[in-house]
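Asks: A single structure is presented below for examination.
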Amino acid sequence: MRIAVMGAGGTGGYYGALLARNKHEVTFIARGPHLRAMQTNGLQIKSVHGDIEIKPVRATDDPGEVGPVDLLLFCTKTYDTDQAALRTRSMVADATTVLSLQNGIDASEHIGRVLGMAHMIAGTTMISSAIEAPGVIRQVSEFRRVVIGELDGRLTTRIQAVCDAFKGTGVTVEVSERIMSVLWGKLLFISVAAGFGSLTRLPMGHYRSVPETRSVITRLMRETEAVATAHNVKLSPDVVESTLAGIDQNAPQIEASMQLDVERGRRTELDSIIGVLCRKGREVGVPTPVTDMIYGMLLPVDLAASGHKQAFNDETGIELS
């Protein structure tokens with residue numbers, strides 16, 4: 001299968017490497033020092049499941065060099081989605097399948113507006129991995145799970161083709177007839193890991209069992225559940241309890257990718273992980289006070305990392321006009 005990976009970071013780089021090792025023709029769309037390192041030295045994966053080296057690597061910053069592919073795997077940061085979709089048009093032919101493994105609940109909709117919803121299948125992944133250095137991905141979680149599905153719930157040949165592509169990689173791949181429920185369920189978890197990890201700057205094991213913090217975590221998840229229900233997305237009756245159990249079972253050193261971005265002073269996916277819940281709540285009249293608080297506290301951090309400049313008096317903190 002001819003595969004292009006749009007965004008060769010922790011998620012795209014890792015899954016792309018496994019697919020390349022599985023004898024698929026994989027091209028990575030990357031940029032900057034990471035791209036140059038891949039082109040020069042190949043792609044190294046340091047993983048709890050065993051290290052991998054892919055060399056040589058097909059990698060470029062120009063999707064126009066690639067041509068049409070069978071599968072386009074979208075793994076960019078969500079704030080790059082719209083622009084990235086425009087750049088991938090030349091790789092999409094009539095039979096191309098486009099799969100987003102990005103965070104949030106509306107990436108497929110954004111990509112589909114540009115490339116056509118007929119190409120889209122939706123998906124999500126549970127994994128902890130990140131770029132350790134240019135050309136090097138470190139993957140630290142025992143879990144590496146991918147769930148995919150057609151937006152209308154059908155079981156199709158292209159869904160089966162994606163499953164077949166991952167056979168032999170070691171990745172757990174599941175097909176869901178209710179993929180939006182899966183995406184909302186993932187958001188229930190990742191909003192906690194990203195939000196509380198970014199606020200505390202601590203690994204999950206440090207905040208998940210503090211009673212006062214756990215109470216607020218539970219309230220955040222209840223808000224997400226209520227918003228999903230109001231949008232006619234059916235979640236399991238015990239979704240909050242099972243998500244809490246999953247948080248408890250995770251390795252204590254786990255940190256969400258958004259938290260890592262905050263700690264490194266980078267732009268974050270705050271809008272698609274936390275902000276989207278605030279917006280979706282307002283659309284249906286569901287209050288989200290905990291979510292609003294988290295978003296409001298992290299938004300200045302994200303704006304500063306994004307290059308948003310305001311003039312402040314250094315001594316008083318009062319904005320100067």
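The values are calculated or read from the model by the stated rules, or taken from the named source; none is laboratory data. What you see is a predicted model, and the numbers here were worked out from it, not measured in a lab. Cβ coordinates were reconstructed from backbone atoms using ideal geometry, including for glycine residues, and neighbour counts include every protein chain displayed. Protein only, heavy atoms only, side chains kept; ligands, DNA and RNA dropped before computing areas. Shrake-Rupley method; radii C 1.70, N 1.55, O 1.52, S 1.80 Å.
Asks: Report, ordered by the first and then the second residue, all pairs with beta carbons closer than 9 Å, sequence separation of six or more or different chains, a first member in region 176-204 that is at positive phi, and a second member that is surrounded by fewer than 19 Cβ atoms within 10 Å (Cβ to Cβ).
Replies: Listed pairs, sorted by first residue: 201/263.
Asks: Related question: Give region 237-252 a look and list any residue that's open to solvent by less than 30 Å² (accessible area, probe 1.4 Å) and assigned to a helix (DSSP H, G or I), or say none.
Replies: First pass over region 237-252, keeping only residues open to solvent by less than 30 Å² (accessible area, probe 1.4 Å): 239-240, 243-244, 246-247, 250.
Within region 237-252, 239, 240, 243, 244, 246, 247 meet the criteria.
Asks: Could you identify the single residue in 281, 285, 275, 296 that is open to solvent by 50 Å² or more (accessible area, probe 1.4 Å), at pLDDT 95 or above and either within 29 Å of residue 10 (Cα to Cα) or over 20 Å from the mean Cα position of the chain (by Cα) (or both)? Steps first, answer last, please.
Replies: Working: 281 fails: open to solvent by 50 Å² or more (accessible area, probe 1.4 Å); 275 fails: open to solvent by 50 Å² or more (accessible area, probe 1.4 Å); 296 fails: open to solvent by 50 Å² or more (accessible area, probe 1.4 Å).
Going through 281, 285, 275, 296 in turn, the sole match is 285.
Every residue, every condition in (1) within 24 Å of residue 10 (Cα to Cα); (2) part of a loop (DSSP other than H, G, I, E, B), yes or no:
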| residue | (1), (2) |
| --- | --- |
| 162 | yes, no |
| 177 | no, yes |
| 186 | yes, no |
| 198 | yes, no |
| 206 | yes, no |
| 222 | no, no |
| 235 | no, yes |
| 254 | yes, yes |
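Asks: Any residue at all in region 154-172 that's within 18 Å of the chain's Cα centre (by Cα) and in contact (Cβ under 8 Å) with a residue 24 or more places away in the chain?
Replies: Looking only at region 154-172, we keep the residues that are within 18 Å of the chain's Cα centre (by Cα), and these are 171-172.
With the extra rule that they be in contact (Cβ under 8 Å) with a residue 24 or more places away in the chain, the set shrinks to 171-172.
Within region 154-172, one or more residues are within 18 Å of the chain's Cα centre (by Cα) and in contact (Cβ under 8 Å) with a residue 24 or more places away in the chain.
Asks: Taking the condition of being within 21 Å of residue 128 (Cα to Cα), touching a residue at least 60 places away in the same chain (Cβ under 8 Å) and in contact with a Pro (Cβ under 9 Å, 6 or more places away or on another chain), how many residues in region 1-35 meet it?
Replies: The number of residues fulfilling the criteria is 2.
Asks: Another one. List the number of the failed condition for residue 69; all other conditions in (1) crowded, with 24+ Cβ neighbours inside 10 Å; (2) assigned to a helix (DSSP H, G or I); (3) over 19 Å from the mean Cα position of the chain (by Cα) hold.
Replies: Going through (1) crowded, with 24+ Cβ neighbours inside 10 Å; (2) assigned to a helix (DSSP H, G or I); (3) over 19 Å from the mean Cα position of the chain (by Cα) one by one, residue 69 breaks only (2).
Asks: May I ask you to list the residues in region 118-143 that are surrounded by fewer than 23 Cβ atoms within 10 Å (Cβ to Cβ) and assigned to a loop (DSSP other than H, G, I, E, B)?
Replies: 127, 134, 140, 141, 142, 143
Asks: Between 55, 46, 23, which is at positive phi and open to solvent by 20 Å² or more (accessible area, probe 1.4 Å)? Spell out the reasoning first.
Replies: Values: 55 fails: at positive phi; 46 fails: at positive phi.
Being at positive phi and open to solvent by 20 Å² or more (accessible area, probe 1.4 Å) holds for just one of 55, 46, 23, which is 23.
Asks: In region 97-109, how many are surrounded by fewer than 20 Cβ atoms within 10 Å (Cβ to Cβ) and at pLDDT 95 or above?
Replies: So the count comes out to 0.
Asks: Is region 194-204 home to any residue that is closer than 14 Å to residue 126 by Cα, buried (at least 17 other Cβ atoms within 10 Å of the Cβ) and at pLDDT 95 or above? It would help to see each step written out before you state the result.
Replies: The initial filter retains those residues of region 194-204 that are closer than 14 Å to residue 126 by Cα, namely 194.
Add one more test, that the residue is buried (at least 17 other Cβ atoms within 10 Å of the Cβ), and what stays is 194.
Of the ones still in play, those that are also at pLDDT 95 or above are 194.
Yes, region 194-204 contains at least one residue that is closer than 14 Å to residue 126 by Cα, buried (at least 17 other Cβ atoms within 10 Å of the Cβ) and at pLDDT 95 or above.
Asks: What's the number of the only condition in (1) over 20 Å from residue 101 (Cα atoms); (2) within 21 Å of the chain's Cα centre (by Cα); (3) in contact (Cβ under 8 Å) with a residue 60 or more places away in the chain that residue 45 fails to meet?
Replies: If we test residue 45 against (1) over 20 Å from residue 101 (Cα atoms); (2) within 21 Å of the chain's Cα centre (by Cα); (3) in contact (Cβ under 8 Å) with a residue 60 or more places away in the chain, just (1) comes out false.
Asks: I've got another one for you. Just checking, how many residues over region 72-83 are touching a helix residue (DSSP H, G or I) at 6+ places or on another chain (Cβ under 8 Å) and either surrounded by fewer than 21 Cβ atoms within 10 Å (Cβ to Cβ) or aliphatic (A, V, I, L, M) (or both)?
Replies: The qualifying residues number 4.
Asks: Of the conditions (1) surrounded by fewer than 15 Cβ atoms within 10 Å (Cβ to Cβ); (2) within 20 Å of the chain's Cα centre (by Cα), residue 270 fails just one. Which one is it?
Replies: Unmet for residue 270, out of (1) surrounded by fewer than 15 Cβ atoms within 10 Å (Cβ to Cβ); (2) within 20 Å of the chain's Cα centre (by Cα): (1).
Asks: Continuing with this model, one more query. For the subset of region 208-217 comprising residues that are in contact (Cβ under 8 Å) with a residue 12 or more places away in the chain and part of a loop (DSSP other than H, G, I, E, B), which member is most open to solvent (accessible area, probe 1.4 Å)?
Replies: Per the criteria, the residue is 209.
Asks: Let me ask something else about it. Count, please, the residues in region 134-145 that happen to be in contact (Cβ under 8 Å) with a residue 40 or more places away in the chain, out of contact with any Pro (no Cβ under 9 Å at 6 or more places or on another chain) and of a type outside the set (Ser, Thr, Tyr).
Replies: 7
Asks: Moving to a separate point now. Could you check residue 33 against (1) part of a helix (DSSP H, G or I); (2) open to solvent by less than 70 Å² (accessible area, probe 1.4 Å) and say which number it fails?
Replies: (2)
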